[in-house]
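The values are calculated or read from the model by the stated rules, or taken from the named source; none is laboratory data. Computed from a predicted structure; not experimentally measured. Don't worry about glycine lacking a Cβ; one is built from the backbone with ideal geometry, like all the others, and counts go over all protein chains shown. Each accessible area value is taken on the protein alone, full model and side chains, heavy atoms only, with ligands, DNA and RNA left out. Shrake-Rupley method; radii C 1.70, N 1.55, O 1.52, S 1.80 Å.
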Amino acid sequence: MRKYWILIKTSWLRQLVYRSTVYAYRLGNIVDLLFQVAIWTAVFKTTSSVYGYNYDEMITYVMIGWLINFLTSNYGIEDVVSRNIQYGELNIYLVRPLSYLKSLVAMSLGRISIALFSGIVMQIIFIFIFRHHIVPPAHLIDILLIIIIVFLGYFTRLLLSILFGLIAFWVTDVSGLNSFYGIFVKFLSGGYAPLTLLPIMIYKISLFFPFAYIVFFPTQLYLGKVTTLEGLKGILIEITWLAALYIVIKIVWNRGLKKYEGVGI
Amino acid sequence: MTKNTHMSIIEVKNLSKVYEYYKKQPGLLASFKGLFKREKLFTEAVKEIDFNIEEGELIGFLGPNGAGKTTTLKMLSGILYPTSGEAKVLGFTPHKRQKEYQKQFALVMGQKNQLWWDLPAMESFILNKEIYEVPDKEFKENLDELVELLDVKDILDVQVRKLSLGQRMKCELVAALLHKPKILFLDEPTIGLDVVAQKNIRDFIKKYNREKKTTIILTSHYMEDIKELCKRVVIIDHGKIIYDGALNDLIIEYATFKVLNITFNDAGVQKEQVEKFGKLQKFNQYSVSIEVEREKVKEVAMAILSSDLPVDDILIDEVDIDEVIRKIFKK
């Protein structure tokens, strides 16, 4: 296990090299957040409620939702995986006594460090600025559930990204697909807006998929729009998805690897 | 149990590798059709090759691009699954990728790096120490020794991306050798390097093999690498081994003629005067190179010396090895 710990550390060191890049990303995030606030402020000029959200709840959704989306991000592990496969960088992992999939998890954990710090600081400032519009958590006990859901959400997203990256075993150029994937996940997880804004059928279907539990669900829990009991149910669904994703990744990885090695011709 | 008392470190029998791919038609419509019906094609990258390698050998795989050298190395290091035949390395079957096997070899590819691009090489070394579970003391000793041998002390703390290609290759070698592998696979280690850097890498490989008795397989399409380093050479072309033996014997086997280099003084010679002795490789008034069949070389040299030509000096030389190899590949 020690080797994976050092791998986390090395990825972390690598991230330190890119401090200025990380801060530049934060600048983009600020514009992104202010834009969302501006849109909702405009919408609420003519109405006092949108799909059951009042203005303060919506601002809280944007702020808390952004934070959770940020905490569960893995910065394009799908790109790393597809590049490793396409350019044969996978060879370096295959010849060493090291598991590729475990390495990916370790590297991803190492990558979040600096970003995590800067993102949290930025969001604390934002929440402070908008403090008069931020709704306090409905029940304090839910905070504990939210922390668990965010933790599980990180790994759900990570496994989804790895799975998506593995497509590169079969498709030669995946850059377009990867870009679509990023937007798709952010949308279906509620990263752009609450999923309740969707047509009711699509909304209900989305609750069967793992995405909704990444951002939308914990934010609902925060706002008290979902009960604690439902929150526990959500955790169970997420754990089930994690287990399912793990199994699917193992299968896809083994099949992909067989293709990579040229087995069975 | 085998009856052999002598065990080769690498045993390859009837090893073949066939790649499968799909025919791609140009154009949008054809690509669309390709989604439903694709024509499967096969290429035989390696065809039933056999060889054995003894411990401590430094052996060169020589061949043009696409000859099957890298494919062979990939099968020996467990990246590729052989289509048929068998490879045993240190008693292991490489494609099973057992940890016990992986800890005993290293693969360095000239065009791929294992070093972390954005970090100083030292960080990659520390990571490899953990990956290969090298004890602290041994790590320090090996590192000090390799750093000394390759003269990379001053660049260990420089970001890898800022190193020259030659410096990077040196660091790649350090990273690969920290766990003291019994076998080292080197795929085109000098590719793209300038002449000085090539020589440095070559000198190191030679010394390391001699001192550590590490078995080394080297692929290269630079003749100079092979000439300098390898007593034994395996020539691969179109997936087949066309020669396996001592480099010196290759010349005797394939070069059916030698070269007479003659210098003349006084007024020199005319072309017509020397043409009758053999095929002229090079001609000017005072200096001539003539290709002469191996068996006749003494005879011809005598004839020239006893003729009335103004001979100043005469040398009997082997054909240049590059020339021989080029001829083999042309066939």
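Descriptive notes on the structure:
- The aspartates and glutamates within cross-link reach of B:LYS153, meaning a Cα-to-Cα straight distance under 17 Å and a gap of 8 or more places when in the same chain, are B:GLU123, B:GLU141, B:ASP144, B:GLU145, B:GLU172.
- Sparsely packed loop sites in the stretch A:1-80 (the chymotrypsin sites (Phe, Trp or Tyr not before Pro) outside DSSP H, G, I, E and B with at most 15 other Cβ atoms within 10 Å) comprise A:TYR18, A:TYR51, A:TYR75.
- Charge sum, other residues only, whose C-beta stays under 13 Å from B:LEU305's C-beta, Lys/Arg counted +1 and Asp/Glu -1: -3
- The stretch B:37-102: GluC sites (Glu not before Pro) in DSSP coil with no more than 15 other Cβ atoms inside 10 Å: B:GLU39, B:GLU54, B:GLU55
- Across the stretch A:1-123, Cα-Cα pairs farther apart than 22 Å form 51% of the total.
- Sorted from longest to shortest, the spans of the Cα atoms of the stretch A:141-184 along the three principal axes equal 48, 18, 8 Å.
- log₁₀ of I(q)/I(0) at q = 0.07, 0.08 Å⁻¹ - chain B, Debye sum with one point per alpha carbon: -0.42, -0.53
- Across A:LYS102/B:LYS137; A:LYS258/B:LYS103; B:LYS33/B:LYS240; B:LYS40/B:LYS74, pairs whose alpha-carbon gap is larger than 25 Å: A:LYS102/B:LYS137; B:LYS33/B:LYS240
- The charge dipole of the stretch B:219-287, taken about its Cα centre with unit charges on the Cβ of Lys, Arg, Asp and Glu (plus for the first two, minus for the last two), comes to roughly 140 debye.
- Mean-position separation - Cα centroids, the stretch B:203-233 and the stretch B:148-179, in angstrom: 19
- Among the trypsin sites (Lys or Arg not before Pro) found in the stretch B:195-287, those both in a DSSP coil and sparsely packed, with 10 or fewer other Cβ atoms within 10 Å of their Cβ, are B:LYS276.
- Acute angle (nearest 10 degrees) that the helix A:100-129 long axis makes with the longest principal axis of chain A, alpha-carbon atoms: 20
- Mean separation of Cα contacts under 8 Å, 6 or more apart, over the residue count of chain B: relative contact order %: 18
- Chain B - charge dipole about Cα centre, Lys and Arg +1 at Cβ, Asp and Glu -1, debye rounded to 20: 1760
- Centre-to-centre separation between the Cα atoms of the stretch A:186-218 and those of the stretch A:34-53: 19 Å.
- Set of aspartates and glutamates with alpha-carbon distance to B:LYS279 below 18 Å, sequence-local pairs under 8 removed: B:GLU291, B:GLU293, B:GLU295, B:GLU299, B:ASP317, B:GLU318, B:ASP320, B:GLU323
- Across all directions, the average flat footprint of the convex hull enclosing the Cα atoms of the protein assembly as shown is 39.4 nm².
- The helix-only estimate of mean residue ellipticity at 222 nm for the protein assembly as shown, built from DSSP H runs of length n ≥ 4 each weighted as -39500 (n - 2.57), is -16500 deg cm²/dmol after division by the residue total.
- Selection from B:THR214, B:PRO181, B:LEU143, by position along the positive dipole direction of the stretch B:106-240 (Cβ): B:THR214
- Taken across both chains, chains A and B shield about 2800 Å² of accessible surface from a 1.4 Å probe.
- Per-residue mean of C-beta atoms belonging to partner chains within 10 Å, peptide A:90-101: 6
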